[in-house]
Amino acid sequence: MAYGYCPNCGCGVRYRVSPQQRSPWLQQLASEIGRGEPAVVLCYGCWKPLQVGDAVEVLDPPLAGPVIRYRARGVVTAIEPAEGGAAYQVEGRSAEPWQFRFHRSRIKALTEGSTGTVSLQLRSG
Ligand SMILES: [Zn+2]
């Protein structure tokens, strides 16, 4: 078991690395990952491919326009192609209604309860 942090939202990530093949060097590599510097691993909420209807929270609110706070919650209502990846139309679910288009890195999927330990598999070839 090792600990890292998500470069996108800064949350802590617990992960486990296991080798997929029975090769001594892969097993050694897997056992050594996580020692020393904490790893940088996208957390589940930042990694999860989003779909319409998914609940999200805002990591990087827009400066102008509607009042959207950091960690405001909303729901993805549309996904549109855009420059530099898809744009996610998000509708606010707080007292004041809002709508905004975000790039994926500016929102995080809300996951129910604890996301547990991320399991990564190492394989060669
Ligand atoms: Zn994250």
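The values are calculated or read from the model by the stated rules, or taken from the named source; none is laboratory data. Predicted model only: the values in this text are computed from it and were never measured. Reconstructed Cβ throughout: ideal geometry from the backbone, glycine too, with neighbour counts over all protein chains shown.
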*Subset of the stretch 98-109 (residues that are closer than 14 Å to residue 46 by Cα and surrounded by 15 or more Cβ atoms within 10 Å (Cβ to Cβ))*: 102, 104, 105, 106, 107, 108, 109
_Condition first: more than 20 Å from residue 9 (Cβ to Cβ) and surrounded by 11 or more Cβ atoms within 10 Å (Cβ to Cβ). Now tell me which residues in the stretch 80-97 satisfy that._
82, 89, 91
*in the same structural domain as residue 118 (by TED's automatic domain parsing), of a type in the set (Val, Ile, Thr) and in contact (Cβ under 8 Å) with a residue 40 or more places away in the chain - does that describe any residue in the stretch 2-20?*
yes
_I'd like to know if the stretch 48-60 contains one or more residues that are surrounded by 15 or more Cβ atoms within 10 Å (Cβ to Cβ) and among the basic types (Lys, Arg)._
yes
